[in-house]
Structures are given as structure tokens and as C-alpha cells.
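Undergrad: Handing you a structure now.
The values are calculated or read from the model by the stated rules, or taken from the named source; none is laboratory data. Treat the numbers as computed from the prediction; the structure is a model and nothing was measured. Don't worry about glycine lacking a Cβ; one is built from the backbone with ideal geometry, like all the others, and counts go over all protein chains shown.
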Amino acid sequence: MYSCGPTVYNFQHIGNFRAFIVADMLKRVLLHGGYKVKHVMNITDVGHLVGDANLGEDKIRVTAQHEHKTAHEVAKFYTDDFLEDIKALGIMMPEIMPKATDHVREMLDLIAILDKKGFLYNVSTGVYFDTSKVKDYGRLMNLSFEKLNSFLITGARVERAQGIKNTTDFAVWRFSRPDQMEMVWETKYGKGFPGWHIECSAMSMKYLGQHFDIHTGGVDHLPIHHTNEIAQSESATGKKFVNYWVHNEFLLVDGKKMSKSIGNVYTPKDLQKKGYSAGAYKYLMVSAHYRTQLNFTFQALDNSKNTLEGVYSFMKRLASIQYPEKESKMNKSFIANVAKIRDKFFEHMNDDLDTPLALAQMHALISTANKLGKDITKDDANLVIETLLEFDKVLGLGFEEHTKHSNHPDEIMKLVEERESYRKKRMFADADRIRDLLKEEHGVDVEDSQNGPVIHKLG
Ligand code: AMP
Ligand code: ZN
């Protein structure tokens, strides 16, 4: 599995991370299903231009000038920051993370094959790929060559570089200007640097072979980047490039794509500074299907934060249930119910990562357990916790650390359980009496969330 990785000229924003979270979740679901996964995610540290797919400056070079750093320093700084965020967000580290600048030789090898087969031509700014020579160019967009060309023109997605034959033609190699000294390579095609699309073709095929299973990235990559990856890879090898393309929809802000060029971006660290954990943000991402657009608001993030905290405290409460003296009440129907919910959860995850429906099953599990009220035994609790931990293998929301024995003494937990059972029986006066007792004698307050009681220390 290959994922288009970050272009390391700036901090990755939470929109970018939607793409990486989706790829990670797909990997986790495959691993859970017993597949072996080799995941490659590249680091684009040269060649991705500002503005559009064919004209403008290299993004890294622009930042280097702006920040008075070398291009290598810029790339290293933002790569390190990206790796920190990946860890904080509980995204599994891809097995291989190749950097474009380390693979220029592979790109040149690929360019040489395309050259020999007659797909390339020169203009003053670089070496271009003639897309009219590809039989089913535009296949990924379900468009013909002509339709894709006119789609890109009317949508003004691509300005034409001077001298190119078709709007869809793209550079595999760009000539550098004399003032560009860094990240330029002297080659038989001229002095310059690679085009962005050739990077992903060269690196994916180097590590996964000429034909591999899954390629992921955001929907913005469909008409140009991925269409061109297919064109040049298949033209070079004569083989089918990728079996399955997985594209995530955008994270929006006020109806517009979250993007660095608009400036409407938040990074994971921005959210952390505002008091939101990585989990809260991740829960928000998971609450929408990856193929639907998701509008980012702080209201929605607050809801995710509260829901997730409710789940965490539910797990803490279960983990603190200690009634070894009580006969296990675990009855067959409860076990069967949990098993049914578990199976449905994974059915939904396996069905094109239907996270909203899977999450609904997770909440069904919590309410099933809550219905047992005070009768819940340690065995019941353990079964529910184990099931939630299995869900978290694919959700990656960091459940494990919340299943440790609660910090609250048993005495408090027993009172909380008792109050819960009064509430279930709608004996609210008794429930309130216990709540007051908890406040006065134990210095804690109980708040009722949709996932059960949440305990707060007072003062
Ligand atoms: P970039 O660093 O711009 O190459 O983007 C890295 C990944 O993030 C790509 O797969 C993009 O398609 C994806 N991406 C960029 N912006 C968004 C967004 N607002 N929502 C979801 N994915 C995005
Ligand atoms: Zn790519």
C-alpha cells in the first residue's frame, strides 16, 4: 500500500491528517483481517510546485527563501514535525518512508524508459510527458482524454506551460534556473529537478513492485497527480499499476477546503494548545465517512471531545469494578449480545471503512453494558473492555491507557455505581442523595454523559 505523503514545506494541517488517518485506518482494518501490509508513505521534499500542477515555484524553495534556510533545512524541520504529529495521533509508522531527494536515480531510470518508448518531448522549461499517447488517459476520472483536457481548461485547474502540446501534459523533469543551486541534479536531460508525479511512480514501484494493491491520497489528486502516476507507470512497464485507489474527501472550513493557500488551517499542535487532545480530533475524523466532506467547527470538536471523554470514563469505571465476592451474573444473552455487536462493528469497518456505523455499534455496546447497572460483574466488565480494545485496534483512539484501574478509590466507585442503579430505576431522589454525599464527603461530583457517569474532582 502506497500513500502520497506530506510535502514538507510547512506544518501539516488537520486536513492533511485526514488523509493519513484514513490510510492508517485502512491498514489497521487489513491487519485485523489477517492481511500482511507493507505500507510506503513518501516524503515530498522537492518538486511539488506552488499554485497548480504545472507552473510556479517549488514549494520547498519558496519557504527556504522566506525563512532564510536551506531547502534541506526546511525539509528536515517539517519532516521532524510531521513525524512528531504522526506519533501523537496514534498513526502507525509506515514501514518505509522514502524521501524524494534520495530517489532521483530511480526517477531518472523511469524517465529513461519513457524517453526510449517515445513518450517525452522537450520544451524550454523541462521534459514533458505527451499524454495524448496514452490510450486510456483519464481513466481514473472516468473521462476521455478530450473530456479531461477540456475539464481542466474550463475548471482552470492547469495553466498551460509554454510550448506544451496538450493541457494535460506534465513535466517529468524541470530545468532549474541558474540562481537555483540547491536540490538540482546534473543529468543528460539537463540540469534540474524531478516533477512531482514521477516521484511517486518511482518510489512506489521501487518498494512495492510494478503492480501493487492499494494507493491512497486526497480527492484533489484524482484529476492530475494520480492520473499522471498511472499514465507514466503503465506506459513504462506495460502493466497495470494499482488495483485499488482510495481517496479521502476534504476537511472543510466554512464550506471551503482547509488548505495552506487559503490560510484557514489548524495544525494538531494548534488544537492541543486550545486544550483538545489528539484523540478528540481523531474521533471527529472517524465520526464521518472518509468519502464525505466534513466541515470543521469547534462546536463539532467539542462534541467529539465530550463523547470521547465519556467513553474513557466509562472504561475507567468498568476497569474499577471489583466484586470477586459476587457470583458472575454473566449470562448467555449478554455474551451473545456483545458478540453480535462486535461482529457488526467489524462488518461496518470492513465495508469500505464505514466508521459512522461502526461507532454506532461501539455506543450500542456501552449502553448494553450500562443497562446491567449495578448488577454488572467483573467478568461482564472485562468482556466489554476486551471488546472495546479490539475496536481500538482499528480506531486507534488510545483506549488502552483508560482501561487501567480508576484513580478513584473503590468507595467512591461503589457509590457511583449505586447512584447509577437508582437513576436507571428512575429513583432520582436517592440518586441525588448519593450525589450530595459524594460531593460533601468525597469531594467529587458526578456528571451524566450519554456514555454513563463522569467523575470530576471538586475544588
Ligand atoms: P500535501 O502535503 O499538500 O501534498 O497533502 C498531503 C495529503 O493531504 C494529500 O493526500 C492531500 O490530498 C491531502 N489533503 C490536503 N488538504 C486536505 C483537506 N483539506 N482535507 C483532506 N485531505 C487533504
Ligand atoms: Zn503522490
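Undergrad: Taking region 192-211, which residues are surrounded by 24 or more Cβ atoms within 10 Å (Cβ to Cβ) and among the aliphatic types (A, V, I, L, M)?
TA: As a first pass, look at region 192-211 and keep what is surrounded by 24 or more Cβ atoms within 10 Å (Cβ to Cβ): 193-204.
Across region 192-211, the qualifying residues are 198, 202, 203.
Undergrad: Before we move on, is residue 367 of a type in the set (S, T, N, Q), within 15 Å of residue 397 (Cα to Cα) and part of a helix (DSSP H, G or I)? Let's see the steps before the verdict.
TA: On the way: of a type in the set (S, T, N, Q): yes; within 15 Å of residue 397 (Cα to Cα): no; part of a helix (DSSP H, G or I): yes.
For residue 367, the condition - of a type in the set (S, T, N, Q), within 15 Å of residue 397 (Cα to Cα) and part of a helix (DSSP H, G or I) - is not met.
Undergrad: Return the total of residues in region 418-431 being surrounded by fewer than 16 Cβ atoms within 10 Å (Cβ to Cβ) and either outside any helix (DSSP H, G or I) or without any contact (Cβ under 8 Å) to a residue 40 or more places away in the chain (or both). Before the answer, list the steps.
TA: Within region 418-431, the subset surrounded by fewer than 16 Cβ atoms within 10 Å (Cβ to Cβ) is 424-430.
Next, from what is left, pick out any that are either outside any helix (DSSP H, G or I) or without any contact (Cβ under 8 Å) to a residue 40 or more places away in the chain (or both): 425-430.
The number of residues fulfilling the criteria is 6.
Undergrad: Right, here's the next one. Return the only residue of 60, 21, 14, 43 being in contact with a strand residue (DSSP E or B) (Cβ under 9 Å, 6 or more places away or on another chain), within 23 Å of residue 95 (Cα to Cα) and within 16 Å of ligand 2 (Cβ to nearest atom). Give the derivation first.
TA: Numbers: 60 fails: within 23 Å of residue 95 (Cα to Cα); 21 fails: within 16 Å of ligand 2 (Cβ to nearest atom); 14 fails: within 16 Å of ligand 2 (Cβ to nearest atom).
Every option except 43 fails the conditions.
Undergrad: Let me ask something else. What is the residue count in region 207-247 for residues that are free of Cβ contacts under 8 Å to residues at least 60 places away in the same chain and within 14 Å of ligand 1 (Cβ to nearest atom)?
TA: Residues that pass the stated criteria total 4.
Undergrad: Looking at (1) within 30 Å of residue 272 (Cβ to Cβ); (2) exposed (fewer than 15 other Cβ atoms within 10 Å of the Cβ), find the lone condition where residue 305 falls short.
TA: (2)
Undergrad: In this structure, is residue 391 modelled with pLDDT under 95, surrounded by 14 or more Cβ atoms within 10 Å (Cβ to Cβ) and assigned to a helix (DSSP H, G or I)? Steps first, answer last, please.
TA: Numbers: modelled with pLDDT under 95: no; surrounded by 14 or more Cβ atoms within 10 Å (Cβ to Cβ): yes; assigned to a helix (DSSP H, G or I): yes.
Answer is no for this residue.
Undergrad: Can you tell me how many residues in region 116-131 are of a type outside the set (S, T, N, Q) and in contact with a strand residue (DSSP E or B) (Cβ under 8 Å, 6 or more places away or on another chain)? Spell out the reasoning first.
TA: The initial filter retains those residues of region 116-131 that are of a type outside the set (S, T, N, Q), namely 116-121, 123, 126-130.
From the residues that got through so far, the ones that are in contact with a strand residue (DSSP E or B) (Cβ under 8 Å, 6 or more places away or on another chain) too are 119-121, 126-130.
Within region 116-131, residues that are of a type outside the set (S, T, N, Q) and in contact with a strand residue (DSSP E or B) (Cβ under 8 Å, 6 or more places away or on another chain) number 8.
Undergrad: Let me ask something additional. May I ask you to verify whether residue 44 is within 14 Å of ligand 1 (Cβ to nearest atom), of a type in the set (S, T, N, Q), surrounded by fewer than 20 Cβ atoms within 10 Å (Cβ to Cβ) and farther than 30 Å from residue 348 by Cα? Please lay out each step first, then the result.
TA: Details: within 14 Å of ligand 1 (Cβ to nearest atom): yes; of a type in the set (S, T, N, Q): yes; surrounded by fewer than 20 Cβ atoms within 10 Å (Cβ to Cβ): no; farther than 30 Å from residue 348 by Cα: yes.
No, not satisfied.
Undergrad: Is it true that some residue in region 231-245 is closer than 25 Å to residue 27 by Cα, away from ligand 2 (no atom under 16 Å from the Cβ) and surrounded by 21 or more Cβ atoms within 10 Å (Cβ to Cβ)?
TA: No; the residues of region 231-245 include none that is closer than 25 Å to residue 27 by Cα, away from ligand 2 (no atom under 16 Å from the Cβ) and surrounded by 21 or more Cβ atoms within 10 Å (Cβ to Cβ).
Undergrad: Quick one: which of 227, 267 is within 16 Å of ligand 2 (Cβ to nearest atom) and surrounded by 15 or more Cβ atoms within 10 Å (Cβ to Cβ)? Lay out the reasoning, then the answer.
TA: Working: 267 fails: within 16 Å of ligand 2 (Cβ to nearest atom).
Selected residue: 227, the only one of 227, 267 that is within 16 Å of ligand 2 (Cβ to nearest atom) and surrounded by 15 or more Cβ atoms within 10 Å (Cβ to Cβ).
Undergrad: Here is a check on your reading of the model: is residue 249 more than 23 Å from residue 173 (Cα to Cα) and buried (at least 16 other Cβ atoms within 10 Å of the Cβ)?
TA: yes
Undergrad: Please list, ordered by first then second residue, the pairs with beta carbon atoms under 6 Å, 6 or more apart or interchain, first in region 14-28 and free of Cβ contacts under 8 Å to residues at least 12 places away in the same chain, second within 16 Å of ligand 2 (Cβ to nearest atom).
TA: none
Undergrad: Would you call residue 414 closer than 20 Å to residue 437 by Cα and not small (Gly, Ala, Ser)?
TA: On the way: closer than 20 Å to residue 437 by Cα: yes; not small (Gly, Ala, Ser): yes.
Yes: the conditions hold for residue 414.
Undergrad: Given the conditions (1) in contact (Cβ under 8 Å) with a residue 12 or more places away in the chain; (2) within 30 Å of residue 123 (Cβ to Cβ); (3) within 16 Å of ligand 1 (Cβ to nearest atom), which single one is not true for residue 57?
TA: Only one criterion in (1) in contact (Cβ under 8 Å) with a residue 12 or more places away in the chain; (2) within 30 Å of residue 123 (Cβ to Cβ); (3) within 16 Å of ligand 1 (Cβ to nearest atom) is unmet by residue 57, namely (1).
Undergrad: Of all residues in region 435-445, count the ones that are over 25 Å from residue 368 (Cα atoms) and under 41 Å from the mean Cα position of the chain (by Cα).
TA: Within region 435-445, the subset over 25 Å from residue 368 (Cα atoms) is 436-444.
Applying the additional criterion that residues be under 41 Å from the mean Cα position of the chain (by Cα) yields 443-444.
The total comes to 2.
Undergrad: Could you list all residues from region 248-283 that are away from ligand 1 (no atom under 12 Å from the Cβ) and touching a His at 6+ places or on another chain (Cβ under 6 Å)?
TA: Listed by number, the list holds a single entry, 267.
For every residue, the table says whether it meets (1) more than 39 Å from the chain's Cα centre (by Cα); (2) part of a helix (DSSP H, G or I).
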site: 386; (1), (2): no, yes
site: 398; (1), (2): no, no
site: 413; (1), (2): no, yes
site: 416; (1), (2): no, yes
site: 433; (1), (2): yes, yes
site: 447; (1), (2): no, no
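Undergrad: Is there a residue being assigned by TED's automatic domain parsing to the domain that holds residue 100, under 18 Å from residue 193 (Cα atoms), modelled with pLDDT under 95 and within 11 Å of ligand 1 (Cβ to nearest atom) anywhere in region 9-30?
TA: Within region 9-30, the subset assigned by TED's automatic domain parsing to the domain that holds residue 100 is 9-30.
Remaining after also requiring under 18 Å from residue 193 (Cα atoms): 9.
Filter once more, so that each one left must be modelled with pLDDT under 95: 9.
Applying the additional criterion that residues be within 11 Å of ligand 1 (Cβ to nearest atom) yields 9.
Checked against the condition, which is being assigned by TED's automatic domain parsing to the domain that holds residue 100, under 18 Å from residue 193 (Cα atoms), modelled with pLDDT under 95 and within 11 Å of ligand 1 (Cβ to nearest atom), region 9-30 yields at least one hit.
Undergrad: If you don't mind, there's one more thing I want to ask. Looking for something within 16 Å of ligand 1 (Cβ to nearest atom), within 21 Å of residue 134 (Cβ to Cβ) and out of contact with any strand residue (DSSP E or B) (no Cβ under 8 Å at 6 or more places or on another chain) - is there at least one such residue anywhere in region 181-201? Explain how you work it out, then say what you get.
TA: Taking region 181-201 first, the residues within 16 Å of ligand 1 (Cβ to nearest atom) are 194-201.
With within 21 Å of residue 134 (Cβ to Cβ) added as a condition, the list becomes 194-201.
Now drop any that are not out of contact with any strand residue (DSSP E or B) (no Cβ under 8 Å at 6 or more places or on another chain), which leaves 201.
Yes; the residues of region 181-201 include at least one that is within 16 Å of ligand 1 (Cβ to nearest atom), within 21 Å of residue 134 (Cβ to Cβ) and out of contact with any strand residue (DSSP E or B) (no Cβ under 8 Å at 6 or more places or on another chain).
Undergrad: Assuming residue 35 fulfils every condition listed in (1) within 15 Å of ligand 2 (Cβ to nearest atom); (2) at negative phi; (3) not in a helix (DSSP H, G or I) apart from one, which condition is it?
TA: (1)
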